[in-house]
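Q: Attaching a single structure in structure tokens format; questions to follow.
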Amino acid sequence: RTGKKVSVRSGGHCFADFVCNPSIQVILDVSPMNAVYYDKNMGAFAIEPGARIMNAYETLYKNWGVTIPGGICYSVGIGGHIAGGGYGLLSRSHGLVVDHLYAVEVVTVDKDRKVRTVVATRNDKGDLADLWWAHTGGGGGNWGIVTKYWFRSPGTERKAPAEQLVKAPSTVLVSGISIPWDQLDETKFRRLITNFGIWHEKYRAPGTPESNLSSLFNVSSKAHGSLGMFTQINAAAPDAKGVMDRYVAAILEGVAVTPQPVDKPNGEIPAMPEFYKTREIPWLQATRLVGTDNPVITNPTSRGAHKSAYMNTRFTDDQIAVLYRQMSRPDFTNPNTMLVLFSFGGQVNASPPEATANVQRQSAFKLCLQTFWPDPADDEFYLAWERETYEGMFAATGGAPVPNAQFDGCYINYPDVDMADPARNRSGTGWQTLYFKGNYRRLQHAKAAWDPTNYFTHSLGIELPESAS
């Protein structure tokens, strides 16, 4: 009614200026809306948008033995995590978080600027179906304000609650190793990174024993001292120990290094020397271990830069050469810098690209280039390093991972406004295609239906059809 510019925040983890920028006059912080419960009327699990990921995991698991295949950072708010698609260590086994989304409750603003609350489910048709679909990977802050999500895996509506969502593993096998930089030269580095890509290319399809394994490989700067790899597999999965052992061996094959324990934090990986030899531990312990115990990632005062890409195939030698040069630059002394390589594919790739707004359904692994620093005075240096590294790795396609046989664009939950800047993204392919590919048109259709006055906007916001570039 006052005409003030509004944005919405659940966990506060946005990498771009979507929530906080000079145009915003009111931030609607939904973090107090954090309930997680079974809604008998809907026959599904309700999760309010302010719930943190770890709270959702613990409530779902302790009460019903179920979970969602979400991320590892414990304090991320569910609101934005789900709207952007949501993925984590269980996604190769069970797909994206939004593959289990049954319904969403959204506060919208209609053409007359009247506010109303709408519930849309995956069983709806027409505009309601588009509203539900838009929240399966279209990103937050576009159609309205989510006040509730409901989860129920497809085909489980007549089952008991404990059978309606992903059954959480009882125990998992966990491996944590580091690879010291002083054992690496460029040849060994290239082989190591190539091995990671080859394994994930080979096993990117769903339904294999290997699809139960997920790995997080931090290719850290030389200033850190080592690279770190965390790997997890459901201990009850077929040949779990064999899959784990063969995976670690495949990554190290022909590299001629001696892996070491992870004796200090490395990106998302905490110090975990006791997992140098694979151990079996309860799943919830493993989930807490990775998500909550690393001061690099959980420091709320850090400044940071992040860039993403989906990879369908391994890196080229030219890409690895850029990465090696940038990570070993003698003038770059920040240890809190890494290219995170995260296992993808598996069950994620079982869905067609149009099934959800999250369109990337063919990739093998995902990357996030990230660096953290404390002082605003250093912004220019670190942003320049981040851009030089990323644009160098994607130089063949104009500085961005243009969807093709090798790349599959970017992840909207790692938003990067450089992708909308032709001085930085010189590919000629707009951010709309990088993030959403052929699904963008339907997202615009949902925008026209549910936010016709363009009330909810941000720097990578879905555009009304007539204003698309």
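The values are calculated or read from the model by the stated rules, or taken from the named source; none is laboratory data. Quantities reported herein were computed from a predicted structural model and do not represent experimental measurements. For neighbour counting, all protein chains shown are included, and Cβ atoms are generated from backbone atoms with ideal geometry for every residue, glycine included. When the accessible area is computed, the model is the full protein with side chains, heavy atoms only, and any ligands, DNA or RNA have been set aside. Shrake-Rupley method; radii C 1.70, N 1.55, O 1.52, S 1.80 Å.
Q: So which residues in region 121-133 are surrounded by fewer than 19 Cβ atoms within 10 Å (Cβ to Cβ) and of a type in the set (Asp, Glu), if there are any at all?
A: Selection gives Asp124, Asp127.
Q: List pairs: first in region 458-469 and within 11 Å of Val417 (Cα to Cα) and of a type in the set (A, V, I, L, M, F, W, C), second modelled with pLDDT of 95 or more and assigned to a helix (DSSP H, G or I), Cβ under 9 Å, 6+ apart or cross-chain?
A: Leu460/Val417; Leu460/Met419; Leu460/Ala420; Leu460/Trp431; Leu460/Gln432; Leu460/Tyr435
Q: Hey, any hits in region 216-238 for a residue that's modelled with pLDDT of 95 or more, within 27 Å of Gln406 (Cβ to Cβ), part of a helix (DSSP H, G or I) and open to solvent by less than 20 Å² (accessible area, probe 1.4 Å)?
A: Checked region 216-238: no residue is modelled with pLDDT of 95 or more, within 27 Å of Gln406 (Cβ to Cβ), part of a helix (DSSP H, G or I) and open to solvent by less than 20 Å² (accessible area, probe 1.4 Å).
Q: What are the residue pairs meeting all of these: first residue in region 319-341, first residue closer than 17 Å to Asn266 by Cα, second residue modelled with pLDDT of 95 or more and in a helix (DSSP H, G or I), Cβ atoms under 6 Å, and 6 or more apart or on different chains?
A: From residues that are closer than 17 Å to Asn266 by Cα, the pairs are Leu341/Phe196.
Q: Scan region 101-120 for residues that are open to solvent by less than 20 Å² (accessible area, probe 1.4 Å) and of a type outside the set (A, V, I, L, M) and report the count.
A: First, pick out the residues of region 101-120 that are open to solvent by less than 20 Å² (accessible area, probe 1.4 Å): 101, 103-104, 106, 108-109, 118, 120.
Right, trim to of a type outside the set (A, V, I, L, M) and you get 108.
Adding up the residues that qualify gives 1.
Q: When residues of region 134-152 are filtered for being open to solvent by less than 10 Å² (accessible area, probe 1.4 Å) and closer than 22 Å to Tyr414 by Cα, how many remain?
A: Within region 134-152, residues that are open to solvent by less than 10 Å² (accessible area, probe 1.4 Å) and closer than 22 Å to Tyr414 by Cα number 10.
Q: Which residues, taken from region 51-73, are assigned to a strand (DSSP E or B) and open to solvent by less than 20 Å² (accessible area, probe 1.4 Å)? Can you show your working first?
A: Step one: filter region 51-73 for residues assigned to a strand (DSSP E or B), giving 52, 66-67.
Listed by number, the residues that qualify are Val66, Thr67.
Q: On the given criteria, is Gly86 within 20 Å of Phe342 (Cα to Cα), small (Gly, Ala, Ser) and open to solvent by less than 20 Å² (accessible area, probe 1.4 Å)?
A: Working: within 20 Å of Phe342 (Cα to Cα): yes; small (Gly, Ala, Ser): yes; open to solvent by less than 20 Å² (accessible area, probe 1.4 Å): yes.
Spelling it out, Gly86 is indeed within 20 Å of Phe342 (Cα to Cα), small (Gly, Ala, Ser) and open to solvent by less than 20 Å² (accessible area, probe 1.4 Å).
So that you can scan it fast, the table gives a plain yes or no per residue for (1) part of a loop (DSSP other than H, G, I, E, B); (2) more than 24 Å from Ile72 (Cβ to Cβ):
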{"site": "Tyr382", "(1), (2)": "no, no"}
{"site": "Glu388", "(1), (2)": "no, yes"}
{"site": "Gly409", "(1), (2)": "yes, no"}
{"site": "Asn425", "(1), (2)": "yes, yes"}
{"site": "Phe436", "(1), (2)": "no, yes"}
{"site": "His445", "(1), (2)": "no, yes"}
{"site": "Asn454", "(1), (2)": "yes, yes"}
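Q: Does Gly438 meet the test of being farther than 24 Å from Glu354 by Cα and at pLDDT 95 or above?
A: On the way: farther than 24 Å from Glu354 by Cα: no; at pLDDT 95 or above: yes.
No; evaluated as a whole, the condition is false for this residue.
Q: So which residues in region 294-342 are open to solvent by less than 10 Å² (accessible area, probe 1.4 Å) and either basic (Lys, Arg) or on the phi > 0 side of the Ramachandran plot (or both)?
A: Result: Lys307, single match.
Q: What are the residues in region 1-22 that are open to solvent by 60 Å² or more (accessible area, probe 1.4 Å) and polar (S, T, N, Q), if any?
A: Listed by number, the list holds a single entry, Thr2.
Q: Looking only at region 153-175, filter to residues that are within 23 Å of the chain's Cα centre (by Cα) and under 17 Å from Leu101 (Cβ atoms); which one of those is surrounded by the most Cβ atoms within 10 Å (Cβ to Cβ)?
A: Residues of region 153-175 that are within 23 Å of the chain's Cα centre (by Cα), as a first pass: 153-154, 165-169, 172-175.
Imposing the further condition that a residue be under 17 Å from Leu101 (Cβ atoms) reduces the set to 153-154, 165-166.
On the way: Ser153: 21, Pro154: 10, Leu165: 24, Val166: 21.
So, considering only residues that are within 23 Å of the chain's Cα centre (by Cα) and under 17 Å from Leu101 (Cβ atoms), the one surrounded by the most Cβ atoms within 10 Å (Cβ to Cβ) is Leu165.
Per-residue answers, yes or no, for (1) in contact with an Asp or Glu (Cβ under 6 Å, 6 or more places away or on another chain); (2) in contact (Cβ under 8 Å) with a residue 40 or more places away in the chain; (3) open to solvent by less than 30 Å² (accessible area, probe 1.4 Å); (4) not small (Gly, Ala, Ser):
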{"site": "Glu388", "(1), (2), (3), (4)": "no, yes, no, yes"}
{"site": "Tyr411", "(1), (2), (3), (4)": "no, yes, yes, yes"}
{"site": "Pro415", "(1), (2), (3), (4)": "no, yes, yes, yes"}
{"site": "Gln432", "(1), (2), (3), (4)": "no, no, yes, yes"}
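Q: Would you confirm whether or not region 256-269 contains a residue that is over 29 Å from Asp185 (Cα atoms) and of a type outside the set (A, V, I, L, M, F, W, C)?
A: At the first step, the residues of region 256-269 found to be over 29 Å from Asp185 (Cα atoms) are none.
No, that holds for no residue.
Q: Looking at (1) of a type in the set (Val, Ile, Thr); (2) in contact with a helix residue (DSSP H, G or I) (Cβ under 9 Å, 6 or more places away or on another chain); (3) in contact (Cβ under 8 Å) with a residue 60 or more places away in the chain, which one does Val243 not meet, given that it meets all the others?
A: (3)
Q: For region 32-50, what are the residues that are assigned to a loop (DSSP other than H, G, I, E, B), in contact (Cβ under 8 Å) with a residue 12 or more places away in the chain and open to solvent by 30 Å² or more (accessible area, probe 1.4 Å)? Before you say what the answer is, go through the steps one by one.
A: Here is the first cut: in region 32-50, the ones assigned to a loop (DSSP other than H, G, I, E, B) are 32-35, 40-43, 48-50.
The next check asks that each one be in contact (Cβ under 8 Å) with a residue 12 or more places away in the chain; those that pass are 32-35, 42-43, 48-50.
If the condition is that a residue be assigned to a loop (DSSP other than H, G, I, E, B), in contact (Cβ under 8 Å) with a residue 12 or more places away in the chain and open to solvent by 30 Å² or more (accessible area, probe 1.4 Å), then Pro32, Met33, Asn34, Ala35, Met42, Glu48 are the ones that fit.
Q: What are the residue pairs meeting all of these: first residue in region 164-176, first residue among the aliphatic types (A, V, I, L, M) and at pLDDT 95 or above, second residue open to solvent by 20 Å² or more (accessible area, probe 1.4 Å) and not in a loop (DSSP other than H, G, I, E, B), Cβ atoms under 6 Å, and 6 or more apart or on different chains?
A: That search, which allows pairs on different chains as well, returns Val166/His94; Ala168/Tyr61; Val172/Asn234; Leu173/Glu280; Val174/Arg279.
Q: Scan region 267-281 and report the pairs whose first residue is free of Cβ contacts under 8 Å to residues at least 24 places away in the same chain and whose second residue is among the basic types (Lys, Arg) and outside any loop (DSSP other than H, G, I, E, B), with Cβ atoms within less than 6 Å and a gap of 6+ or a chain change.
A: Cβ pairs passing all conditions: none.
Q: If I filter region 358-370 down to residues being among the polar types (S, T, N, Q) and over 17 Å from Leu216 (Cβ atoms), which single residue comes out as farthest from the chain's Cα centre (by Cα)?
A: Gln362
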